[in-house]
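Okay, structure first, notes after.
The values are calculated or read from the model by the stated rules, or taken from the named source; none is laboratory data. Since the model is a prediction, treat every value here as computed from it, not as a measurement. Here the Cβ positions follow ideal geometry from the backbone for every residue, glycine too, while neighbour counts run over all protein chains shown. Surface accessibility is based on the protein's heavy atoms, side chains included, excluding ligands, DNA and RNA. Shrake-Rupley method; radii C 1.70, N 1.55, O 1.52, S 1.80 Å.
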Amino acid sequence: MTQERTLVTFALFAYNQDKYIREAIEGALCQDYSPLDIILSDDCSTDDTFIIMQKMALKYTGVNKIRLNRNDVNLGLAEHINKIIS
């Protein structure tokens with residue numbers, strides 16, 4: 001009997017974290033659980049955070065699904081989380 005595994009969402013929230021976002025994304029992408037839905041979400045950063053997210057997502061060749069989000073305006077942490085949850 002084969003048991004299907006539950007889809008898990010790994011959401012990475014960022015705002016102006018271009019110095020640290022690579023390491024955080026690498027951590028998300030090296031997860032060995034599958035199926036995994038990885039959401040990289042930027043809260044309208046004014047630095048290169050979202051550009052780095054885009055580049056790393058494009059280079060990813062793993063089995064998990066990656067979704068990118070960039071808010072048009074800065075929502076703040078609570079609203080950013082609520083948007084992704086919805």
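A 1.4 Å probe run over the protein chains yields, for the chain, 69 Å² of accessible area per residue, whole-number rounding. Put a dot 7 Å past the Cα of Q31, heading toward its Cβ, do the same for L75, and the two dots end up 1.8 nm apart.
Placing unit charges on the Cβ atoms of the charged side chains and taking the dipole of the chain about its Cα centre, the candidate lying farthest along the positive direction among M53, P35, Q3 is Q3.
I need the trypsin sites (Lys or Arg not before Pro) found in the stretch 1-67, filtered to DSSP loop residues with at most 10 other beta carbons within 10 Å of theirs. List each step's numbers first, then the result.
Working: sites: R5, K19, R22, K55, K59, K65, R67; in loops: R5, K19.
Answer in residue order: R5.
Within the accessible area of the chain, the carbon and sulfur atoms contribute 52%, probe 1.4 Å, all protein chains present.
If you place +1 on the Cβ of every Lys and Arg and -1 on the Cβ of every Asp and Glu, how big does the dipole about the Cα centre of the chain come out, in debye to the nearest 20? Intermediate values should be presented prior to the final figure.
Numbers: 9 positive and 12 negative charges, 48 e Å.
Dipole magnitude for the chain comes out near 220 debye.
Rolling a 1.4 Å probe over the protein chains gives T9 an accessible area of about 80 Å². The order of I21, I85, I51 by accessible area, most exposed first and with a 1.4 Å probe, is I85, I51, I21. A value for Rg and Dmax of the Cα atoms in Å was derived from the coordinates, and within the list (i) 14.5, 43; (ii) 15.8, 54; (iii) 13.6, 51 it appears as (iii).
Listed by chain and number, the lysines whose C-alpha is less than 16 Å from the C-alpha of K65, apart from same-chain residues fewer than 8 away, are K55.
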